[in-house]
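See structure below.
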Amino acid sequence: MTEIVTVDIGGTHARFALARIAADGSIELDEPATLHTSDHASFQTAWEDFARMQGGKLPGAVAIAIAGPVGGEVIRFTNNPWVIRPALIPEKLGADRYSVINDFGAVGHAVACADDSHFIHLAGPDQPLPASGTISIVGPGTGLGVAHIWRSGLGDYRVQATEGGHVDFAPVDSIEDAILARLRQRYRRVSVERVVSGPGLVDIHEALAAMEGRAIQPVDDRTLWGLGTSGEDSLAAAAVDRFCLSLGSFAGDAALAQGASGVVIAGGLGLRIKDTLLRSGFATRFTAKGRFAELMGALPVKLITHPQPGLFGAAAAFAKEHLS
């Protein structure tokens, strides 16, 4: 049994947990501690705070998932003043073994290693994800994460994080044409992330209001998601439904581009709206690919429900790098 610290760092929060990795690769997570990045001068001081919560001593191994690029000698955050220099992790944290991975890469490891109980069926045949081939992963949240995993069929896998959320938004009807036209007034280029993400709901809502000649009060995306999923506001509900349609279209595009044999929707947003997603036109849009509709209809599409995929996936990445 190997004990490690696993960490998932975003712009606002850093989540820490102890994890135990068994000889067979199974992972057990303790209850995570969520720290506000704004309350800590650096990752090191947050680490020390977590150590105090655990009685003052932490294992000498750490897996870190980071919301941003991780390949350089210095890791900086877009919405977080922390700086991490991976080469200094042994000195600063006392962790001789470490893994640093992009946060959506960690989600890929979580998809690869989570058992069937952590997935619910969204579309296509109601069967487990295939043990071989490519699994596309699409994760709407603050942005739009895209990754894929490749399974050998013999228990091995590879994860590839991508920037697929930044491909061009592709409308498929007149309403989405109007959404694109409105967004083009604001941005030089409209990526799919501008629509298929948590904040994108505000732009969808405003575009629908403009189509109907309505004057609306500005509202933040969190409030709008609540109004839309509860059905309290019909225009907000229409915006949520349009989001689900666009997510279905893009998830299908990703599956086609990656040659997928299965698809997983990930991210906190997907989990929060799972009931709405199941009732929406997501599945219809996913398969609406013309000559390839039959092919798309044969792909199982799942939603991962693991409560901490970033922490779990970071631990799985550590196990693959250091314990395989």
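Computed from the coordinates by the stated procedures, all read-outs in this text should not be read as laboratory data. From a predicted model like this one, the values you see are computed outputs, not experimental measurements. Because the Cβ atoms are built from the backbone with ideal geometry, glycine has one as well, and the counts that use them run over all protein chains shown.
Highest mean first, what order results for 298-307, 184-193 on Cβ atoms within 10 Å?
Working: 298-307: 19.8, 184-193: 14.1.
So the order, starting with the most tightly packed, is 298-307, 184-193.
Just the Cα atoms of the chain: what Rg and Dmax do they give in Å?
When restricted to the Cα atoms of the chain, Rg and Dmax are 20.4, 63 Å.
Enter the Cα centre distance for the pair the stretch 236-265 and the stretch 273-315, rounded to the nearest angstrom.
7
Can you give me the relative contact order of the stretch 164-304 as a percent, contacts being Cα pairs under 8 Å and 6 or more apart?
Working: 160 pairs, mean separation 27.0, N = 141.
RCO, the stretch 164-304: 19 percent.
What's the angle, to the nearest 10 degrees (0 to 90), between helix 234-258's Cα axis and the longest principal axis of the chain?
Computed tilt is about 70 degrees.
So how far, in whole Å, is the C-alpha centre of the stretch 162-199 from the one of the stretch 31-50?
Going from one Cα centre to the other spans 35 Å.
Toward the positive end of the charge dipole of the chain, about the Cα centre and with charges on Cβ (Lys, Arg +1; Asp, Glu -1), which of 187, 205, 38 goes farthest?
187
Cβ under 15 Å from residue 159's Cβ, residue 159 left aside: what net charge do those residues give with Lys, Arg +1 and Asp, Glu -1?
Details: positive: 151, 158, 320; negative: 103, 156, 163, 321.
Neighbour charge sum, excluding residue 159 itself: -1.
Across the Cα atoms of the stretch 1-86, what radius of gyration and what greatest pairwise Cα-Cα distance (Dmax) are found, in Å?
13.2, 38
I need two numbers for the stretch 164-304: Rg to one decimal and Dmax as a whole number, Cα atoms only, in Å.
My reading of the Cα-based Rg and Dmax gives 14.8, 45 Å.
Relative contact order of the chain: what whole-number percent is it, with Cα pairs under 8 angstrom and at least 6 residues apart?
Working: 630 pairs, mean separation 71.7, N = 324.
Once divided by the residue count of the chain, the mean separation gives 22 percent.
Please work out the Kirkwood hydrodynamic radius for the stretch 65-138, using every pair of different C-alpha atoms, and report it in angstroms with one decimal place.
On the way: mean 1/r = 0.0660 Å⁻¹.
The answer is 15.1 Å.
Any idea what angle helix 43-53 forms with the longest principal axis of the chain, computed on alpha-carbon atoms, 0 to 90 degrees, nearest 10?
70
Using a Cα-Cα cut-off of under 20 Å, which aspartates and glutamates could be cross-linked to residue 57, ignoring same-chain neighbours fewer than 8 residues away?
3, 8, 28, 30, 31, 48, 49, 91, 96
Against the longest alpha carbon principal axis of the chain, how many degrees, from 0 to 90 and to the nearest 10, is the axis of helix 221-230 turned?
60
For residue 163 and residue 26, FRET efficiency with R0 = 30 Å and r from the beta-carbon atoms, rounded to 0.05?
Details: r = 32 Å, r/R0 = 1.06.
Calculated transfer efficiency: 0.40.
Hey, what number do you get for the chain at 222 nm if only DSSP H runs of n ≥ 4 count, each worth -39500 (n - 2.57), divided across all residues, to the nearest 500?
Values: 12 runs with 117 residues, N = 324.
Taken over the chain, the calculation gives -10500 deg cm²/dmol.
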